[in-house]
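The values are calculated or read from the model by the stated rules, or taken from the named source; none is laboratory data. Model, not experiment: these values are computed from the prediction. We work out accessible area using only protein heavy atoms, side chains counted, and drop any ligands, DNA or RNA first. Shrake-Rupley method; radii C 1.70, N 1.55, O 1.52, S 1.80 Å.
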Amino acid sequence: MAITINGSTGISGVNGSAAAPAIKGEDSDSGIFFSSDEAAITTGGTQRLTIDSTGAATFSSTVKTSKIENASTANGGVAIDGD
């Protein structure tokens, strides 16, 4: 696979997969990879977080947070879709 580094358009040609992410540190099966209109984070060879072209984020495990807040409200309330 050819890797292209361009000062105007960035880096391309580095899609990868959950088992072999394109961007990784010391651990060979943990990092970031790209697919058609998606970017994903993987740990231990398993896809954990995917962000698609609409901006929707999908987590494959428990989501832990210290705060949830709706940016569209003045009081920080949370709206949950009834569907």
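Some points to look at:
- On the stretch given as segment 20-55, residues that are more than 19 Å from residue 4 (Cα to Cα), part of a loop (DSSP other than H, G, I, E, B) and open to solvent by less than 70 Å² (accessible area, probe 1.4 Å) total 6.
- Listed conditions (1) open to solvent by 80 Å² or more (accessible area, probe 1.4 Å); (2) over 18 Å from the mean Cα position of the chain (by Cα) are all met by residue 11, apart from (2).
- Filter result (among the β-branched types (Val, Ile, Thr) and in a loop (DSSP other than H, G, I, E, B)) within segment 1-19: 3, 9, 14
- Residue check, residue 81 open to solvent by 60 Å² or more (accessible area, probe 1.4 Å), of a type in the set (Asp, Glu) and at pLDDT below 85: yes
- Search result, residues across segment 56-76 that are polar (S, T, N, Q) and either assigned to a strand (DSSP E or B) or open to solvent by less than 50 Å² (accessible area, probe 1.4 Å) (or both): 58, 70
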